[in-house]
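Before any comments, here is the structure.
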Amino acid sequence: MEGSMLTISFGNWMELPGLKFKDWVSSKRRNLKGDRVMPEEIARYYKHYVKVMGLQKNFRENTYITSVSRLYRDQVNNDGQDRDISTQHLQIEKSKFTKRNWEIRGYQRIRDGSHIPFCLFAENVALATGTLDSPGRLEIDGEDFPFVFHSMPEFGAAISKGQLCGKVDPVLIVGSGLTAADAVLCAYNNNVPVIHVFRRRVTDPSLIFKQLPKKLYPEYHKVYHMMCTQSYSLDSNLLSDYTSFPEHHVLSFKSDMKCILQSISGLKKIFKLSAAVVLIGSHPNLSFLKEQGCYLGHNSSQPITCKGNPVEIDAYTYECVKEANLFALGPLVGDNFVRFLKGGALGVTRCLATRQKKKKHLFVERGGGDGIA
């Protein structure tokens, strides 16, 4: 992400127990002027936290999960279908104090580029992958041309390398969310002219800008102000730095770096571009789950998305409604922003701690003496 950009959430919203974010920033000899901070600062804070708390053994870097599957299911839960192990083995497994509900397979990539496969077992699994794995696509002709980007890092890298600076032709930015606004700011601050295309009206009450206080998020309201006041008209044509196209969509991209736009009334326009950035949301990669994880959503016939079809969970425990011992948090369940420590991580932890206490109590009552709770 561009170095000048700030997090949506406040810095202290994202701090962890035992190390205040402001104290850590002060130790780096930097004064924290506002509540919002740069994303790379949060990343460095988390890395430092893991080290100072001695948690390195609990993390596995460069690890890729390829499969998360049930070892067994109760007969009442699946009508006796598709048991992965024998009935006798099932009874043995279920009699153990610690269940091995899940088998997790994957590989770890090491420095020389080779892959080391692994397989481990867990009683509980928490899904916290976010939803940035698969950028949304327009599914139109020419979208795979090299001048069309689908992520902010790609576009930011092109800006940093100077590939677009000094270009006469504008950059086309598609989308009306905060990531699209980030791209507008990135281009605008680097003197790259912008054509901003989005399907909604500028007065649409569901636009994210209307949910952010002006004093706390002035840069996003600057973009929203431009969206409202610097829109395209047949009289003015393109403006020098920024022009918005409300209620428009892209029909196609051409090999000569041109695009065709169409308004809600059907009027078509053709523009020459220096690049295009399609930022219309993204989807999680849940390929390691059966049915790509679709069965976990509110609508099991549709892919999991943050807004349209999040994972269906218990509101207090964050356990998936359709899969016991599987938890989900963050954007997968529709939570866009980090919300203090009272969010999904605490909900999952509290649920597991409560269950662990119950197990210990049951274990002692039954006279167990050689197990580990």
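The values are calculated or read from the model by the stated rules, or taken from the named source; none is laboratory data. Predicted model only: the values in this text are computed from it and were never measured. Positions of Cβ are backbone-derived with ideal geometry, glycine not excepted, and every protein chain shown enters the neighbour counts. Accessible surface is based on the protein model in full, side chains and every heavy atom, while ligands, DNA and RNA are left aside. Shrake-Rupley method; radii C 1.70, N 1.55, O 1.52, S 1.80 Å.
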Filter result for the condition that a residue is touching a strand residue (DSSP E or B) at 6+ places or on another chain (Cβ under 7 Å), part of a loop (DSSP other than H, G, I, E, B) and among the charged types (D, E, K, R), over ARG100, ARG105: ARG100
Could you please find all residues in segment 293-303 being open to solvent by less than 80 Å² (accessible area, probe 1.4 Å), of a type outside the set (S, T, N, Q) and modelled with pLDDT of 95 or more? GLY293, CYS294, TYR295, LEU296, GLY297
Taking into account only those residues within segment 304-328 that are within 20 Å of the chain's Cα centre (by Cα) and among the acidic types (Asp, Glu), which is surrounded by the fewest Cβ atoms within 10 Å (Cβ to Cβ)? GLU312
Can you tell me which of ILE110, ILE159, ILE140 is of a type in the set (Val, Ile, Thr), open to solvent by less than 30 Å² (accessible area, probe 1.4 Å) and touching a residue at least 12 places away in the same chain (Cβ under 8 Å)? ILE159
Only unsatisfied item for ASP169, checking (1) of a type in the set (D, E, K, R); (2) loosely packed, with under 15 Cβ neighbours inside 10 Å; (3) within 11 Å of LEU273 (Cβ to Cβ); (4) touching a strand residue (DSSP E or B) at 6+ places or on another chain (Cβ under 6 Å), is (2)
Matching residues in segment 277-292 (surrounded by 15 or more Cβ atoms within 10 Å (Cβ to Cβ) and without any contact (Cβ under 8 Å) to a residue 60 or more places away in the chain) number 1
What number of residues within segment 199-246 satisfy the criterion of being part of a helix (DSSP H, G or I) and either at pLDDT 95 or above or not charged (D, E, K, R) (or both)? 14
Test set (1) of a type outside the set (A, V, I, L, M); (2) farther than 30 Å from GLY347 by Cβ; (3) loosely packed, with under 14 Cβ neighbours inside 10 Å - ASP133 fails condition number: (2)
